[in-house]
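K.L.:
Okay, handing you the structure first.
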Amino acid sequence: MSLLATSDDTDGAWSLIENEANPGQGPAPHWHKEMIEGFYILEGKVDFEIDDEDRRAGPDEFVLVPPRRVHTFTVVSDEPARYLILVSPGGLEEYFKEIQELRAGVDEWPPSDMAPVIEVMERYDTYLPPVE
C-alpha cells in the first residue's frame with residue numbers, strides 16, 4: 001500500500017491510496033455513513049458488490065461507492081490487482097495503519113475477539129451490515 005495523498009496533505013478533504021491485492025483477496029462487506037470511495041483499476045480484474053449490484057472492473061475502469069451502500073470486492077484475475085482508492089473525507093489511511101497494528105498482535109485473522117477491530121472500524125466510519 002502506498003499513500004499518494006493523505007488527509008494531512010488535503011486538510012482532511014480526501015486521501016488517495018494505491019494498493020495491490022492478490023487473487024481472492026478483498027474486504028468483508030461493509031458500509032460508510034459519510035465516506036465516498038472511488039476505485040480506479042490499474043491492473044487486474046476486480047468484482048465489486050454494491051448493495052444488490054454486481055460489477056466487474058478491469059484496467060482503466062472506475063467504480064464509485066456512495067455513502068450508506070454495503071459493498072465489498074474480490075480480486076478475480078489470476079494475477080494481483082493494482083488499484084487506486086480515493087476517499088472523501090480523507091483519513092482512511094489511518095484506519096489501515098491501525099488494522100495492520102491489530103493484525104500484528106494476533107495469531108489468527110480475523111481474531112476470535114472482533115471487538116477491537118470493530119472499534120477501529122467505527123472510528124473510521126466503517127460499519128458491518130446492516131445499514132442503520
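The values are calculated or read from the model by the stated rules, or taken from the named source; none is laboratory data. These numbers were taken from a predicted model, which means no experiment stands behind them. Cβ atoms come from the backbone with ideal geometry, glycine included; neighbour counts cover every protein chain shown. Each accessible area value is taken on the protein alone, full model and side chains, heavy atoms only, with ligands, DNA and RNA left out. Shrake-Rupley method; radii C 1.70, N 1.55, O 1.52, S 1.80 Å.
K.L.:
I'd like the distance separating the alpha-carbon centroids of segment 107-123 and segment 1-68, in whole Å.
P.N.:
For segment 107-123 versus segment 1-68, the Cα centre distance is 21 Å.
K.L.:
Quick query: amide H of LEU4 versus all other amide H atoms, modeled in the peptide plane; which residues come in under 5 Å with a sequence gap of 5 or more or a different chain?
P.N.:
The answer is LEU16, ILE17, GLU18.
K.L.:
Another question about this same structure. Search the structure for amide H atoms under 5 Å from the amide H of VAL70, placed 1.01 Å from N in the peptide plane, and list their residues when 5 or more places away or on another chain.
P.N.:
Long-range HN contacts for VAL70: ASP51.
K.L.:
Right, something else. What FRET efficiency comes out for MET114 versus THR72 if R0 is 22 angstrom and r is the Cβ-Cβ distance? Round to the nearest 0.05.
P.N.:
The pair MET114/THR72 has a calculated efficiency of 0.85.
K.L.:
Here's a follow-up. Can you pull the Rg over Rh of the chain, Cα-only, Kirkwood?
P.N.:
Rg divided by Rh gives 0.94.
K.L.:
If amide hydrogens are placed 1.01 Å from N in the peptide plane, which non-local residues have theirs closer than 5 Å to the one on GLN25?
P.N.:
Those qualifying (amide H under 5 Å, at least 5 residues apart or on another chain) are VAL75.
K.L.:
Further, regarding this structure: Defining a contact as two alpha carbons under 8 Å apart and six or more residues distant in sequence, what relative contact order in percent does the chain show? Let's see the in-between values first.
P.N.:
Values: 284 pairs, mean separation 42.1, N = 132.
32 percent.
K.L.:
Then there's this: Please give the contour-minus-distance gain from ARG123 to LEU102: 0.36 nm per residue of separation, less the Cα-Cα distance, rounded to one decimal in nm. Could the numbers behind the result be given before it?
P.N.:
Working: separation 21, 0.36 × 21 = 7.56 nm, distance 1.42 nm.
Going from the current span to full extension adds 6.1 nm.
K.L.:
Leaving out ligands, DNA and RNA, what percent of the accessible area of the chain is carbon and sulfur, probe 1.4 Å?
P.N.:
Values: 3680 of 7650 Å².
For the chain, the apolar C and S fraction of the accessible surface comes to 48 percent.
K.L.:
For segment 1-50, what does the equivalent ellipsoid look like in terms of its semi-axes, each the square root of 5 times an eigenvalue of the Cα gyration tensor, given largest first in whole Å?
P.N.:
Working from the Cα gyration tensor, I get semi-axes of 22, 16, 9 Å.
K.L.:
Here's another thing I want to ask about it. Starting from the Cα of PHE62, step 7 Å along the direction of its Cβ; do the same at HIS30; then give the gap between the two resulting points in nm.
P.N.:
Placing both labels 7 Å beyond Cα along the Cβ direction yields 2.3 nm.
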